[in-house]
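Visitor: The structure that follows is given in the form of structure tokens.
The values are calculated or read from the model by the stated rules, or taken from the named source; none is laboratory data. Predicted model only: the values in this text are computed from it and were never measured. Here Cβ is always computed from backbone atoms with ideal geometry, including for glycine, and neighbour counts include all displayed protein chains.
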Amino acid sequence: MPGLQKRISIEEFLGQYRSLPVIDVRSPGEFNYGHIPGAVNIPLFDDQQRAKVGTIYKQEGNINAVIAGFDLAAPEMSSKLKTALDVAVNGSLLVHCWRGGMRSEAMAWLFSMGGISAQILEGGYKSYRNYILDDLARARNYVLLGGLTGSGKTHILRNISSTGTQVTDLEGLACHKGSAFGALGQPPQPSSEQFANLLFSDLQDKKSQDLTWLEDESKNIGTVFMPDGFYNQIRNSPVIALMMSIDTRLPRLLEEYTSFPKEKIKESILKISKRLGGDRAGVAMEAVEKGDFTTAIRITLEYYDKAYLYGLSKRKQGQVFYLETDTDDIEVNAEKVIKAASAL
């Protein structure tokens, strides 16, 4: 017996997408660039087929494009239905394409022939994107943990998170540690589009009225750029900036980065060679080659410290709270940071 098909709003969709499987019927290329976290890709067309149908639509019109689409997709319809049957929960699925048009309608019909209740997202993935970008731009109760490079900010935030306090790991979502060396040891970065999708999903698990900790970041984390509305919100949030001497920070940085191949470290130095200055960059590169990582780290820290402190000086008056510490102990510094935040 055929299943049901109906269209639902983005609000109805978001009310169910954590409990029902989401089927993204766009092409693999579209899906890989950006998709709803947790969605399963059952494409109506592969990338080449989609391009072919698009060309026919432009040159010959809608009817010929539809006919060509059926010819291309028909041989694999049974396997697509079998996949949907395996994925469905209690015979139900959520379905979307780019705009909620012919692709999602065709696939919802196919799924319904297998007895699946298929709900189509009105407006498709585009409506989801519009919704999440608006949501990410709204005010939340953020506080930022800032500090000089090598202060252990990520570890401090993990410690804070272990107490049950809300923390969003921006660098974890971006698969990058933020500096020119931030890609070392990290998986490939998501697109900026997918980063926003992941960020929205993360924040949905948090209470917007409660405090959420974030690390103070620039607009981009590696190749990932934050959504404008979200970045504007965090730029106007209070910053607790952990101030720590280079000597205190050195052991952690030596432990974290000296395990990587020298060539990878030198490639990272080259990325900021103009900002370091040719002579200083050359000395740092030579130091790495000799295994003198302490000298190389000191040179790069001098640049990063100067740049970060300058950036803090441009924040609104009273927005930045400087917190001095003479230890690299994560638990001690986490306690200091939490105490400072309670006084905000």
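Visitor: What are the residues in region 320-331 that are surrounded by 14 or more Cβ atoms within 10 Å (Cβ to Cβ) and of a type outside the set (D, E), if any?
Guide: Within region 320-331, V320, F321, Y322, L323, T325, I330 qualify.
Visitor: Looking only at region 87-110, decide whether some residue is modelled with pLDDT of 90 or more and over 30 Å from G15 (Cβ atoms).
Guide: No, that holds for no residue.
Visitor: List every residue pair whose Cβ atoms lie under 9 Å apart, where the two residues are 6 or more positions apart in sequence or sit on different chains, the first residue falls within region 25-46 and is modelled with pLDDT under 95, and the second residue, located anywhere, is polar (S, T, N, Q).
Guide: As it stands, the answer is L44/S27; L44/S104; F45/S27; D46/S27, since those pairs meet every condition given.
Visitor: Starting from residues that are surrounded by fewer than 20 Cβ atoms within 10 Å (Cβ to Cβ) and touching a Cys at 6+ places or on another chain (Cβ under 9 Å), keep the ones in region 184-212 and report whichever is nearest to Y231 (Cα to Cα).
Guide: Only one residue tops the list, namely Q189.
Visitor: If a residue must be more than 18 Å from F13 (Cβ to Cβ) and aliphatic (A, V, I, L, M), how many such residues does region 192-212 contain?
Guide: The number of residues fulfilling the criteria is 2.
Visitor: Right, another one. For region 231-244, check the following and say yes or no: at least one residue is part of a helix (DSSP H, G or I), in the same structural domain as H155 (by TED's automatic domain parsing) and touching a helix residue (DSSP H, G or I) at 6+ places or on another chain (Cβ under 7 Å).
Guide: Within region 231-244, none of the residues are part of a helix (DSSP H, G or I), in the same structural domain as H155 (by TED's automatic domain parsing) and touching a helix residue (DSSP H, G or I) at 6+ places or on another chain (Cβ under 7 Å).
Here is a yes/no grid of residues against (1) more than 16 Å from Y303 (Cα to Cα); (2) at pLDDT 90 or above:
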site	(1), (2)
L214	yes, yes
G222	yes, yes
M226	yes, yes
V239	yes, yes
M243	no, yes
Y257	yes, no
K262	yes, no
S268	no, no
I272	no, no
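Visitor: I need the full set of residues from region 18-41 which are under 22 Å from L203 (Cα atoms), more than 17 Å from the chain's Cα centre (by Cα) and not in a strand (DSSP E or B), in order please.
Guide: R18, S19, L20, P21
Visitor: Here is a further query. Would you check which residues across region 42-53 are assigned to a helix (DSSP H, G or I) and either of a type in the set (D, E, K, R) or touching a Phe, Trp or Tyr at 6+ places or on another chain (Cβ under 7 Å) (or both) and list them?
Guide: Narrowing region 42-53 to residues assigned to a helix (DSSP H, G or I): 47-53.
Residues satisfying the conditions are D47, R50, K52, V53.
For every residue, the table says whether it meets (1) under 29 Å from the mean Cα position of the chain (by Cα); (2) more than 20 Å from P251 (Cα to Cα).
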site	(1), (2)
K266	yes, no
K271	yes, yes
V283	no, yes
E286	no, yes
G291	no, no
A296	no, no
T300	yes, no
L312	yes, yes
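Visitor: In region 120-129, which residues are surrounded by fewer than 21 Cβ atoms within 10 Å (Cβ to Cβ) and in contact (Cβ under 8 Å) with a residue 40 or more places away in the chain?
Guide: Those that are surrounded by fewer than 21 Cβ atoms within 10 Å (Cβ to Cβ) and in contact (Cβ under 8 Å) with a residue 40 or more places away in the chain: E122, G123, S127, R129.
Visitor: Considering every residue within region 140-157, establish whether at least one is under 20 Å from D24 (Cβ atoms) and in contact with a Phe, Trp or Tyr (Cβ under 6 Å, 6 or more places away or on another chain).
Guide: no
Visitor: Does region 309-344 hold any residues that are of a type in the set (F, W, Y) and more than 13 Å from I240 (Cα to Cα), and which are they?
Guide: Within region 309-344, just Y310 meets the criteria.
Visitor: Continuing with the same structure: So which residues in region 1-58 are touching a strand residue (DSSP E or B) at 6+ places or on another chain (Cβ under 9 Å) and charged (D, E, K, R)?
Guide: K6, R7, E12, D24, R26, E30
Visitor: Please tell me if L14 is of a type outside the set (G, A, S), under 24 Å from I132 (Cα atoms) and part of a helix (DSSP H, G or I).
Guide: Against the criterion (of a type outside the set (G, A, S), under 24 Å from I132 (Cα atoms) and part of a helix (DSSP H, G or I)), L14 qualifies.
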